[in-house]
Amino acid sequence: MRPFDYERPAEPDAAVAAVAARPDAVFLGGGTNLVDLMKLGVADPGLLVDVTGLPLDRIERLPAGLRIGATVRNADAAADPDVRRRYPVLARALLAGASGQVRNMATVGGNLLQRTRCSYFQDTTLPCNKREPGSGCSALHGHTRHHAILGASRGCVAVHPSDMAVALAALDATVRVRGPGGERAVPVAGLYRPPDDAPDRDTVLEHGELVTAVDLPAPPPGRSAYRKVRDRASYAFALVSVAAVLDVADGAVRAARIAFGGLAHRPWRALRAEASLVGAPADERSFRAAADEELALARPLPGTQFKVPMARGALVAALRELSAPDAP
C-alpha cells in the first residue's frame, strides 16, 4: 500500500483549489477506474480529492435540454424519467456499460474521464506511451483485437472505453468545467485529444479543472438507438458500438446523427456518414453507402481488420431498425 492524502471538500471551488495546488493530486468520483489503476500501480496519486460530497448530484431541466451533474451515478442517470423519455439513446448506452454494481458507483464525470482499458497500458512491465511518454506502444506489434481503426497513430492505438460518451457525442452534448481560471464549456466531441501529440494526455482539461456537469441540448428529431457488439453479453467493453439518431420523412432521410465507440481514442462522430445520408432514401443501399463513406478512413492493424465489416454491420442494423415503420 502506497500512502496518500485524502480530502473531501464541500464546495467545487475548494476541490479545484486542492487539486490545482498539488501536481500529484487527482479528483476521486466513484473510483471504479482510478482505484483499479492504483492497485495495478499505473496511477500513484499523492492526494485524492473526493468530489462525491459536492452539490453536483442533480439532474435539472434547462430551457430546452437537460443538465446532468457530474456526480450523478450512471444507474441514476439511466433510470431518470427525463433521460429515458427524451434521450433514450443515452439511457440505453448507460445500461450497456459495465455491470449493475459498477453503474451504481460510477459517476457521469468519471465515466467521461475514464482511462483506456488497453492491457499494455495496465501492465507496468511493458512500454506504453500513454503511461510513460516516449517509451513506445507495445500494442502496435501485440494483441490488437480491442484497438483502434480510426484516428490512431504510431504513438497510441488504444480506444476510449465509454459507452455513455458515444451517445453524448451523437447528441451534441457539452461538458461544463470549472478550474482555477473560472468556468468553461467543452463539446464532448472536442474533449479528447488526438493520440499523436502527448498520448499520455487524454483530454484537453488542464490540471485542476473539474467536470461539474453535462449539458444536453433539446432532443434531436427522429428515433434513436444504441447498438453494442462485444465478446460477451454482460460486463464487456465494446468491440464496436454505434449511437444513431435518424429522422425520416416520406421515405427519405432528413437528418442523421451517428457516433461510433470502440474504434478510436474518442467517441467517433461519423460526419461523413451523416452527410451521405441526408436527402438519401432510407433504405439498405443508402445505409451501406454511408457506412462505407465513413469507414474509408479506417486504418486497421493486423488483428483489427474484422472491425471494419463489424462496424458497417452495426451501423446498417441500427439505421435499419430506426427506419422501420413500426420502430418505437
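The values are calculated or read from the model by the stated rules, or taken from the named source; none is laboratory data. Here the structure is a predicted model, which means the values were calculated and not measured. A quick note on method: Cβ atoms are made from the backbone with ideal geometry, for glycine too, and the neighbour counts reach across all protein chains shown. Areas reflect the complete protein model, heavy atoms only, side chains present, ligands, DNA and RNA absent. Shrake-Rupley method; radii C 1.70, N 1.55, O 1.52, S 1.80 Å.
Take the residues of the range 284-295 that are of a type outside the set (S, T, Y) and open to solvent by less than 60 Å² (accessible area, probe 1.4 Å): which is farthest from V242 (Cα to Cα)?
A289
Kindly evaluate V204 against the criterion of being open to solvent by 30 Å² or more (accessible area, probe 1.4 Å), within 15 Å of the chain's Cα centre (by Cα) and at pLDDT 95 or above.
yes
So, in the range 261-276, exactly how many residues are farther than 18 Å from A96 by Cα and touching a strand residue (DSSP E or B) at 6+ places or on another chain (Cβ under 7 Å)?
Residues meeting the conditions: 5.
Tally up the residues in the range 87-137 that are open to solvent by 20 Å² or more (accessible area, probe 1.4 Å), assigned to a loop (DSSP other than H, G, I, E, B), in contact (Cβ under 8 Å) with a residue 60 or more places away in the chain and among the hydrophobic types (A, V, I, L, M, F, W, C), please.
So the answer is 1.
Name the residue that is nearest to L94 (Cα to Cα), counting only residues in the range 61-70 that are open to solvent by less than 10 Å² (accessible area, probe 1.4 Å) and not in a strand (DSSP E or B).
A70
Restricting attention to the range 296-328, and to residues there that are in a helix (DSSP H, G or I) and basic (K, R), which single residue is least open to solvent (accessible area, probe 1.4 Å)?
K307
Going by what's in this entry, would A165 be described as open to solvent by 20 Å² or more (accessible area, probe 1.4 Å), part of a helix (DSSP H, G or I) and touching a strand residue (DSSP E or B) at 6+ places or on another chain (Cβ under 8 Å)?
Criteria not met by A165.
Matching residues to (1) of a type in the set (A, V, I, L, M, F, W, C); (2) over 20 Å from S224 (Cβ atoms):
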position: A280; (1), (2): yes, no
position: R285; (1), (2): no, yes
position: A298; (1), (2): yes, yes
position: R312; (1), (2): no, no
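Return the residues of the range 1-35 that are in a helix (DSSP H, G or I) and touching a residue at least 24 places away in the same chain (Cβ under 8 Å); say none if nothing qualifies.
Matches in the range 1-35: P12, D13, A15, V16, A17, A18, V19, A20, L34.
Out of (1) farther than 22 Å from E294 by Cα; (2) open to solvent by less than 60 Å² (accessible area, probe 1.4 Å); (3) touching a residue at least 60 places away in the same chain (Cβ under 8 Å); (4) not hydrophobic (A, V, I, L, M, F, W, C), what's the single condition that is false for G151?
Answer for G151: the failing condition is (1).
Hey, among the residues in the range 183-201 that are assigned to a strand (DSSP E or B) and open to solvent by 30 Å² or more (accessible area, probe 1.4 Å), which one's farthest from A93 (Cα to Cα)?
Applying the filter and picking the extreme gives E183.
Let me spell it out: the conditions are (1) within 15 Å of the chain's Cα centre (by Cα); (2) part of a loop (DSSP other than H, G, I, E, B); (3) farther than 22 Å from A298 by Cα, and H160 meets all of them except one. Which number is the exception?
(3)
In the range 282-290, is there at least one residue being part of a loop (DSSP other than H, G, I, E, B), among the hydrophobic types (A, V, I, L, M, F, W, C) and more than 30 Å from E60 (Cα to Cα)?
The answer is yes; a qualifying residue exists.
Looking at (1) at negative phi; (2) in contact (Cβ under 8 Å) with a residue 60 or more places away in the chain; (3) in a loop (DSSP other than H, G, I, E, B), find the lone condition where L140 falls short.
So the condition that L140 fails would be (3).
Hey, among the residues in the range 32-60 that are in contact with a Ser or Thr (Cβ under 9 Å, 6 or more places away or on another chain) and within 26 Å of T124 (Cα to Cα), which one's surrounded by the most Cβ atoms within 10 Å (Cβ to Cβ)?
T32
For residues in the range 216-255 being free of Cβ contacts under 8 Å to residues at least 24 places away in the same chain and open to solvent by less than 40 Å² (accessible area, probe 1.4 Å), which is farthest from L90 (Cα to Cα)?
Going through the qualifying residues, I end up with A249.
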